[in-house]
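A short worksheet on the structure shown next.
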Amino acid sequence: MNANTPSHLSHAQRLVLTALLESRRVAFERLSTLQLEGQSQVEAARRVLLQDADDARQREGTHEVEGIVADIDSGEYTAIRAALERIHGAAYGLCVDCHVEIPFDRLQIEPQTLRCTTCQTLHERKSKP
């Protein structure tokens, strides 16, 4: 822990959060591998494109949903990786909007979170179409 690390998170708490983040990172990577059936993304995309065109209409809806889920997963994975990079820095555990300390209990549930509950609620309201 460096000198600029907020005091509301102990070294032990940071270790717990690091383990949670690492566990989630590994789970996403395993899931990604399973979804691709061991193929690279290029190989998986090629396989989908070569599938029989007769059932294209049936697959269209499924692929759209899969694409949305993949986008969400990709964002979550990116957030986890970013949290792992900043976990020992001064900014980790502080809300990016109001700079209040994010409680350890909240971080245990969502260790990649950037915002306190109040700011996250406001952020989600602004993001809704």
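Once you have the Cα-Cα distance between S23 and I109, take 0.36 nm times their residue separation minus that, and quote the gain in nm to one decimal. Walk me through the numbers on the way to the answer.
Values: separation 86, 0.36 × 86 = 30.96 nm, distance 1.29 nm.
Between S23 and I109, full extension yields an extra 29.7 nm.
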Q: Calculate, in nm to one decimal, what R81 and T117 gain on full extension: separation in residues at 0.36 nm each, minus their alpha carbon distance.
A: 10.8 nm
Q: At 0.36 nm per residue, minus the direct Cα-Cα distance, what do V100 and V16 gain on full extension? Give it in nm, one decimal, please.
A: 28.2 nm
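Read-outs: derived from the displayed coordinates by stated rules, not from any lab. Computed from a predicted model, the values in this text were never measured in an experiment.
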